[in-house]
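First up is the structure itself, then whatever we jot down about it.
The values are calculated or read from the model by the stated rules, or taken from the named source; none is laboratory data. Note that the structure is predicted; figures quoted are calculated from it, not measured. For neighbour counting, all protein chains shown are included, and Cβ atoms are generated from backbone atoms with ideal geometry for every residue, glycine included. Ligands, DNA and RNA are excluded from the accessible area calculation, which covers all protein heavy atoms including side chains. Shrake-Rupley method; radii C 1.70, N 1.55, O 1.52, S 1.80 Å.
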Amino acid sequence: MLPEVQALVRLQDFDHAVTRLETELAELPKRLDALQKDTAAQSKSLATLEANLKADETERRKLEGDVELHKSKIIKLKKQLNEAQNLTQTQALEHEITWAEQAIAKAEERELELLMEEEQLRADIAVSKGKLLAMQKNFETERQQALARHKAGLAELAALAEQRKTTLATLTPQVASLYERLRRKHKNGVVAVEVVGTQCQGCFMEIRLQLSQELRTNHTFMTCENCGRVIYLNPATGFDPQFGPAPVQ
Ligand SMILES: [Zn+2]
């Protein structure tokens with residue numbers, strides 16, 4: 001491979017590494033944001049459970065108070081019943097007692113329902129709290145890891161920029177500007193490609209036999225006539241049934 005093409009491939013490798021690293025670093029805050037959102041949602045769901053429990057307890061306490069009131073009223077009514085003067089009074093008092101007893105039964109039934117609901121809510125709250133704690137712990141771990149990775153990534157980027165600069169300096173201005181032009185044209189950044197057999201690995205079109213031959217024999221700087229990418233033969237894989245192995249350079 002021509003030294004200039006070799007340098008070009010190295011430059012391409014550096015740029016790919018930079019793109020990969022920049023993508024990775026850009027993902028870090030996104031991942032933390034997602035984790036934070038999940039944690040906030042968990043916290044909200046816990047708050048809802050706790051509010052439901054509080055509402056149930058308040059309702060149950062109110063019912064307990066109501067039951068006490070009904071009970072003392074029944075005692076009072078029963079006393080009045082003993083002193084009733086006529087049937088109308090007796091019937092009215094009995095009716096009131098029955099109503100108060102029914103109200104107690106209804107309240108106690110609801111209290112039981114609430115007790116069962118509260119028990120379930122307390123269990124759910126315990127699970128939810130455990131989950132939230134684990135999520136908060138995980139978020140903190142990931143945050144620390146992301147910070148460390150970000151710091152290391154920046155150092156890697158700086159090293160890559162330095163290596164890239166050194167490699168770029170070995171290219172002629174023409175080849176350097178061709179590289180930049182091709183990089184703008186091919187958005188995936190693949191601008192120097194191998195020819196396998198007679199096929200360009202950039203656009204997968206067959207290159208002319210004559211060009212393929214020149215590539216093998218003249219060791220000249222060449223580009224694909226179809227996609228414009230710089231083409232080279234990799235001696236290890238450039239075996240061609242017609243021409244045999246590519247010359248080792
Ligand atoms: Zn091509």
| query | When you go through (1) open to solvent by less than 30 Å² (accessible area, probe 1.4 Å); (2) touching a residue at least 12 places away in the same chain (Cβ under 8 Å); (3) over 21 Å from the mean Cα position of the chain (by Cα) one by one for residue 185, which number turns out not to apply? | reply | (1)
| said: Tell me the residue from 134, 158 that is open to solvent by 50 Å² or more (accessible area, probe 1.4 Å), over 14 Å from residue 17 (Cβ atoms) and among the aliphatic types (A, V, I, L, M), please. | reply: 134
| request: Report yes if some residue within region 163-177 is under 23 Å from residue 21 (Cα atoms) and within 34 Å of the chain's Cα centre (by Cα); otherwise report no. | output: yes
| query | Among the residues of region 193-210, how many are touching a residue at least 24 places away in the same chain (Cβ under 8 Å) and either of a type in the set (Ser, Thr, Tyr) or within 11 Å of the ligand (Cβ to nearest atom) (or both)? | reply | 8
| note | For residue 123, the lone unmet condition from (1) under 30 Å from residue 42 (Cβ atoms); (2) open to solvent by 60 Å² or more (accessible area, probe 1.4 Å); (3) without any contact (Cβ under 8 Å) to a residue 60 or more places away in the chain is (2)
| query | Conditions: (1) over 30 Å from residue 130 (Cα atoms); (2) open to solvent by less than 70 Å² (accessible area, probe 1.4 Å); (3) at pLDDT 95 or above. Residue 41 meets all but one. Number of the miss? | reply | (1)
| field | The lone exception for residue 151 - which of (1) more than 16 Å from the ligand (Cβ to nearest atom); (2) assigned to a helix (DSSP H, G or I); (3) not assigned by TED's automatic domain parsing to the domain that holds residue 29 it fails | value | (3)
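Results for (1) of a type in the set (S, T, N, Q); (2) assigned to a helix (DSSP H, G or I); (3) free of Cβ contacts under 8 Å to residues at least 60 places away in the same chain, shown as yes or no for each residue.
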{"residue": "58", "(1), (2), (3)": "yes, yes, yes"}
{"residue": "65", "(1), (2), (3)": "no, yes, yes"}
{"residue": "78", "(1), (2), (3)": "no, yes, yes"}
{"residue": "84", "(1), (2), (3)": "no, no, yes"}
{"residue": "92", "(1), (2), (3)": "no, yes, yes"}
{"residue": "101", "(1), (2), (3)": "no, yes, yes"}
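From the list 27, 64, pick out the single residue that is more than 18 Å from the chain's Cα centre (by Cα) and assigned by TED's automatic domain parsing to the domain that holds residue 119. So that I can check it myself, show each step before the final result.
Details: 27 fails: more than 18 Å from the chain's Cα centre (by Cα).
Result of the check over 27, 64: 64.
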